[in-house]
Amino acid sequence: MSGLPPGQAPPAAAAEQLKIVILGHVDHGKSTLVGRLLYDTNFLPEGKLEQLKQVARRRGMPFEWANLMDALQAERDQNITIDTAQIWFRTPKRGYVIIDAPGHREFIKNMVTGAAQAEAALLLIDAQEGVQENSRRHGYLLELLGIRQVAVLVSKMDLVDYAQERFNAIEAEYRAWLKQLGLEPSAVIPIAARQGENIASPGHNLPWWKGPTVLEALDGFKAALPAGNQPLRFPIQDVYRFDHRRILAGRVESGRIQVGDRLLFSPSNKASTVKTIERWNAPARDSAETGESIGITLTDQVFVERGVIASLEHTPPYALTCFKARVFWLGKRPFMPGRKYRLKLTTQEADCQIEKLERVIDSATLKTLERRGIELSVNRHEAAELTLRTTKPVAFDAINEVVATGRFVIVDEFDVAGGGVIVPDSYPRRTADSLQKSHNIFWTSGRVSAGQRALRQGHAGRVVWLTGLSCSGKTTIAAELERQLFALGKFSYVLDGDNVRHGLCADLGFSPEDRCENIRRIGEVAKLFADAGVICVTAFISPYRADRDTIRRSLPAGQFVEVYLNIPIEVCEQRDSKGLYAKARTGEIREFTGVSAPYEPPAKPEIELSTAQLTVEECVSRIIDFLAVLEK
């Protein structure tokens with residue numbers, strides 16, 4: 001078999017391919033193993049091995065297989081010979097793609113690019129050093145990512161004189177560890193990669209070993225079911241304009257797409273039909289399969305941008321601002337509630353924070369770590385079960401449904417600091433019926449215009465939206481504002497947070513999802529009040545910025561006046577005559593804003609009031625003065 005440069009795809013005849021990742025503690029022999037695999041399968045660049053042997057002889061040093069990988073790495077850094085993320089080789093059975101994951105961080109970083117979506121793993125343990133903490137963490141990481149086909153390689157058996165007793169001890173210890181994770185290795189194999197023992201052929205120094213070689217273990221892995229059988233997920237990477245056409249470019253992560261398909265773009269919920277499928281330097285076809293990078297054009301020019309995920313209209317992903325996840329943390333700083341991070345899932349990006357930290361786990365022992373108060377955080381190399389909240393809806397699937405849209409990474413400032421998977425839960429999903437909007441529903445405009453109402457009443461309709469923590473003064477200020485506006489002859493009405501829950505929102509609880517729906521309903525009612533020419537004053541915590549901004553965008557410019565009651569939480573607790581904060585601190589009240597649930601202050605409110613220093617009269621006076629200026 002003639003050699004092919006690593007990074008060059010195997011011949012078309014080898015249709016079946018398997019992505020594998022090779023993990024191991026530092027100096028446990030990963031580079032030596034990869035070099036030997038390429039050599040034993042004739043997939044080294046022509047002349048590369050002899051060249052490096054000559055260099056070693058000139059320097060009076062022994063040749064090391066790791067030197068081969070260092071040389072290939074140097075070429076890769078210069079964009080020569082091999083691909084930046086993958087190394088190819090094949091056996092008579094099929095082709096293999098080695099995921100290049102030199103460390104935890106690189107592996108995590110590649111999770112959303114497809115590079116780390118391995119179907120199987122080789123995990124190395126040095127026979128001399130034995131099972132290390134990182135060995136256990138690697139096992140946890142594989143289980144977290146759903147990689148359940150694992151072969152363990154006990155490397156450097158030559159350094160322990162090929163002792164069967166040493167191998168048996170490591171095998172027993174690591175099998176027991178994997179069993180705790182719910183993993184069963186397909187094989188635990190003794191190897192000496194430098195000598196080629198048990199890589200492609202049985203080891204002469206391991207006569208007691210009757211099991212498979214590494215290549216036999218690889219060929220024993222099963223290829224995953226094709227992602228083409230899963231629902232269509234086509235994340236939009238970019239939008240290009242050619243010949244007056246808008247081409248939506250991306251990679252088909254799962255499923256199949258064809259001309260004529262009716263697509264839903266999540267989370268924007270825009271819909272259109274595929275008009276053409278575009279390819280670069282490839283024959284035109286009317287369909288595309290999983291793994292293909294393509295562009296599409298649409299029959300209806302809906303606004304679509306990078307980050308949305310296209311699906312068939314009847315099988316959409318979830319599109320929410322909150323989900324449950326398991327996270328593996330690698331950041332220099334702890335992962336902690338109250339701090340903002342950046343979530344990346346396929347081509348989507350959104351600010352996020354921990355909504356609720358359920359459990360922190362030592363990934364090297366699986367012990368639950370007891371942490372409370374200011375210690376409630378996830379440190380480096382620890383894992384966690386938690387709930388994440390994003391500042392805008394994100395399209396996703398649970399990891400057991402679609403892998404590509406069930407994995408994400410967390411960025412802390414500019415560093416990829418952690419990775420995770422979205423775990424199954426009872427998430428609400430749009431149904432096909434919910435997407436079928438009736439074409440027989442029309443907005444009915446009255447015969448009285450907004451201008452006529454304003455002329456009759458002496459003012460325009462508006463929404464004065466008071467937002468702030470519990471006990472910041474919203475209800476008190478709203479009531480006094482309504483009284484003074486009425487005294488001035490203005491048409492006004494207050495929508496109060498508690499009052500609306502007696503009727504309009506009586507069916508809602510206080511979960512993040514119900515809170516969002518509560519504010520959505522209030523926004524719609526307030527908009528109707530404003531349309532009627534009323535100054536509608538609302539008094540709601542309304543903790544999520546995205547919900548308030550949605551209401552702002554639904555109203556004409558200038559009609560939404562956001563009033564932020566800015567007050568330290570300590571002052572709110574002092575004012576709390578109902579004892580709600582105290583109950584929240586003890587866990588008696590769950591999802592309490594400022595304690596166990598987040599509050600996102602406005603970025604640019606029309607009015608900001610420091611209610612710890614200002615009196616009620618001063619606050620109301622500032623709002624009335626602002627409204628008077630708007631009428632001029």
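Values quoted throughout were computed directly from the atomic coordinates according to the rules given, and no laboratory measurement underlies them. Remember, predicted model here, so these are calculated numbers, not experimental data. Note that we place each Cβ from the backbone using ideal geometry, even for glycine, and neighbour counts take in every protein chain shown.
Taking the Cα centre of the stretch 319-430 as the origin, how large is its charge dipole in debye, to the nearest 20, when only Lys and Arg (+1) and Asp and Glu (-1) carry charge on their Cβ atoms?
On the way: 19 positive and 15 negative charges, 34 e Å.
With only Lys, Arg, Asp and Glu charged at Cβ, the dipole is about 160 debye.
Fully extended, how many nm does the chain gain between residue 351 and residue 413 (0.36 nm per residue separation, minus their Cα-Cα distance)?
Numbers: separation 62, 0.36 × 62 = 22.32 nm, distance 1.09 nm.
Extra length from residue 351 to residue 413 when fully extended: 21.2 nm.
Beyond 24 Å between alpha-carbons counts as too far, so tell me which of 179/367; 474/583; 474/604; 392/527; 19/367; 344/527 fall in that bin.
Pairs exceeding the cut-off: 19/367; 344/527.
If r is the Cβ-Cβ distance from residue 289 to residue 447 and R0 is 60 Å, what FRET efficiency results, to the nearest 0.05?
Using R0 = 60 Å, I get an efficiency of 0.60.
In which sequence would 159, 142 go, from the one with the fewest C-beta neighbours within 10 Å to the one with the most?
By the 10 Å Cβ count, ascending, the order reads 159, 142.
Which of 354, 551 comes first, and how do the rest follow, when ranked by fewest Cβ neighbours within 10 Å?
551, 354
In nm, what is the difference between 0.36 nm times the number of residues separating residue 245 and residue 229 and their Cα-Cα distance?
The residue 245-residue 229 span can extend by a further 2.7 nm.
Arrange the peptides 459-466, 257-264 so that the one whose residues have, on average, the most other Cβ atoms within 10 Å appears first.
Top to bottom by mean Cβ count within 10 Å: 459-466, 257-264.
Between residue 479 and residue 429, how high is the FRET efficiency from 1/(1 + (r/R0)^6) when r is the Cβ-Cβ distance and R₀ = 51 Å? Nearest 0.05.
0.80
How high is the relative contact order of the stretch 319-430, in percent, counting Cα pairs under 8 Å that sit 6 or more residues apart?
The value is 38 percent.
Return 604, 179, 583 ranked ascending by Cβ neighbour count within 10 Å, so the fewest neighbours appear first.
With the fewest neighbours first, 604, 179, 583 line up as 604, 179, 583.
Along the Cα-to-C-beta direction of residue 610, a point sits 7 Å from the Cα; which residues of the stretch 551-571 have their amide N less than 20 Å from that point?
The answer is 563-571, whose backbone nitrogens lie closer than 20 Å to the label point.
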